[in-house]
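The values are calculated or read from the model by the stated rules, or taken from the named source; none is laboratory data. The structure presented is a predicted model; accordingly, all values stated were derived computationally and were not measured. Here Cβ is always computed from backbone atoms with ideal geometry, including for glycine, and neighbour counts include all displayed protein chains. The area values use the complete protein model at the heavy-atom level, side chains included, leaving out ligands, DNA and RNA. Shrake-Rupley method; radii C 1.70, N 1.55, O 1.52, S 1.80 Å.
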Amino acid sequence: MLSSLRQAKILHCDDIRLHQFKELGLLTFNEKRFGEKKITLVERAEVEALAQKRSQLLTTGEVGEQLGISLKMVVKLAQSKLLVMDHGPEKDGFGRRVFMPKAVEDLLVRLNAACSSMKDKKGKWIPLAQHDITALYYHASFSDVVQAVLSGRIQGAKTSSVIKSFKDVVISFSDFAKFYNLNSTSRKKGA
């Protein structure tokens, strides 16, 4: 059994964070009384398991670097539930978003399954990148386009044998245009 002070040192956090872990069910507190003093104890194995899990978590920046996208796009993917957060403001009130490596791998596996090989593809293709998408349509949402690729509404293709980041994905311009109704005659053109 470990005291709160020892738990905080192992987990590199403060008492407030320890209580958040308790509220989330990540730690089980056992309170013992020694005379007038009340001491909160937790099993060593439980604290070490949580410390091990926390050491594997990826920050928004690390996920963005791995996927080849900006921090803002990582946040948008997390908010649209395409990238599962382990902790974050929208999930449990934690100040920063952190992700398990498995969540990033799962998104890449889904993209690999949704995208076909670039071989024998005809037509115009554009990179699956926010700046390329918004250059074509200012109000385009990166997370909406990724969701459309995953659901098959926009055809995606791999530029390499395995998708390791969004830089390895291109999308069909014609599907993108249909998705955002870019060829409509009822839309205003320019200013």
Worksheet item: Okay, helix-only estimate at 222 nm for the chain: each DSSP H run of n ≥ 4 adds -39500 (n - 2.57), divide by all residues, round to 500 deg cm²/dmol; what do you get?
Response: -13000 deg cm²/dmol
Item to complete: Over the chain, give the accessible area per residue in Å² for a 1.4 Å probe, as an integer.
Response: 60
Discussion item. Between region 1-54 and region 163-181, what is the separation of their alpha carbon centroids in Å?
Written reply: 47
Worksheet item: What dipole magnitude, in Debye to the nearest 20, does region 6-156 give about its Cα centre under +1 on Lys/Arg Cβ and -1 on Asp/Glu Cβ?
Response: 100
Response to the item:
In whole Hz, the Karplus estimates of ³J(HN,Hα) for region 72-86 (6.51, -1.76, 1.60; θ = phi - 60°; x where Gly or Pro) are 4, 5, 4, 4, 4, 5, 5, 5, 8, 6, 7, 10, 7, 7, 8
Practice prompt. Once you have a ≥ b ≥ c as the square roots of the Cα gyration tensor eigenvalues for region 31-100, tell me rounded if a/c is under 1.5, and otherwise prolate or oblate according to whether a/b is larger than b/c.
Written response: prolate
Item to complete: Enumerate the lysines that Lys102 could reach by cross-link, defined here as Cα to Cα under 26 Å, with residues fewer than 8 away along the same chain left out.
Response: Lys22, Lys53, Lys72, Lys76, Lys81, Lys91, Lys158, Lys164, Lys167
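From the square roots a ≥ b ≥ c of the eigenvalues of the alpha-carbon gyration tensor of the chain, which class results: rounded (a/c under 1.5), prolate (a/b over b/c), or oblate?
Prolate is the answer for the chain, as a/c is 1.5 or above and a/b outweighs b/c.
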Fill in: Theoretical gain in end-to-end length, Thr28 to Lys122 [0.36 nm per residue, Cα-Cα removed]
28.0 nm
Worksheet item: Given springs between every Cα pair under 10 Å in a Gaussian network model of the chain, which of Gly95, Gly61, Gly152 has the largest fluctuation?
Response: Gly95
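If DNA, RNA and ligands are ignored and the probe is 1.4 Å, what is the ranking of Thr28, Thr134 by accessible area, most exposed first?
Thr28, Thr134
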Worksheet item: Given charges of +1 on the Cβ of Lys and Arg and -1 on the Cβ of Asp and Glu, with all other atoms neutral, how large is the dipole of region 95-148 about its Cα centre, in debye to the nearest 20?
Response: 80
Discussion item. Quick one: 3J(HN,Hα) in Hz for region 167-175, Karplus 6.51/-1.76/1.60 with θ = phi - 60°, rounded, Gly and Pro as x.
Written reply: 5, 8, 10, 10, 10, 6, 4, 5, 5
Worksheet entry | Dipole of the chain, positive direction: furthest Cα of His131, Met100, His87, with charges on the beta-carbon | His131
Discussion item. Which order do you get for Ser141, Ser172 if you rank them by accessible area with a 1.4 Å probe, largest at the top?
Written reply: Ser141, Ser172
